[in-house]
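This report concerns only the one structure given below.
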Amino acid sequence: MSRLWKIGIGILALLAFAAVLTFPALLRSVFGLRRANRTEEQARRAIVPPISTPTDTREKAQLFWLSPASPDTLEPSTVELDLSADAEKRAKQLISALIERPPSQTQRTVPADTVLLQFYLLSDGTAVADFSETLETETPSGILNEEMAVDSIVRTLGANLSNVHRIKFLIRGQDSDTLAGHLDLSDFFTVSPQLPPQTPAASGASEGQAPTANRLPSSSPRASLPASGN
């Protein structure tokens, strides 16, 4: 074997040895970064004040999570919540409960560390929901998982609010092409309320009459964010 070949093999051996030594440290750094991102989301949630208003009343609401019998479908669950008469605040309370209070982890539709940063409701029934990046990064990639996450939010709003007609999803205040690589988030989703409404702010939840989330045509007008939100 020539001297150059021996030198080359020696260099490769040294590089392989260095890779073996540095790989555990690199792996620890990756996991540490993931833990740091999760800690950031948890800290953000901790400083977000509870959504409560003087008009809150104890009501029964229908929230949509995965069905325990058929995990590829959504099923309404009746939950008692303190809900505001203000539609915008009511929507925030409903989405927060959807994230924080699933009957079990296997029925969860939205990642646990997701934070609803803002929710805007315009007079024409257009809603804009702004979520932390966790909704995008921790929702399992796949069209079914992504549809279940979005549909659970859309159906929950439709079952408890009569004045939300369509919704746009933002991630940290920005448009996102997809949720986790598959479901298109570039347009609005139609919110179909159940009838008859229970109150001026909430629609009734008759059994077996679940609203659906349908995509509006791409020519649908986009909602403009108000100058400030609650």
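Every number in this text was worked out from the coordinates using simple rules, so none of it is lab data. Computed from a predicted structure; not experimentally measured. Cβ: placed from backbone, ideal geometry, glycine included. Neighbour counts: every protein chain shown.
List the relative contact order of the range 57-215 as a percent without decimals, with contacts defined as Cα pairs under 8 Å and 6+ residues apart.
Numbers: 341 pairs, mean separation 32.4, N = 159.
Dividing the mean separation by the residue count of the range 57-215 yields 20 percent.
Order of 162-170, 69-77 by packing, highest average Cβ count within 10 Å first?
Details: 162-170: 21.9, 69-77: 14.4.
Packing order, densest peptide first, comes out as 162-170, 69-77.
Provide the three semi-axes, in whole Å and in decreasing order, of the ellipsoid equivalent to the range 57-215 as defined by the square roots of 5 times the Cα gyration tensor eigenvalues.
Numbers: eigenvalues 94, 65, 41 Å².
For the range 57-215, the ellipsoid semi-axes come out as 22, 18, 14 Å.
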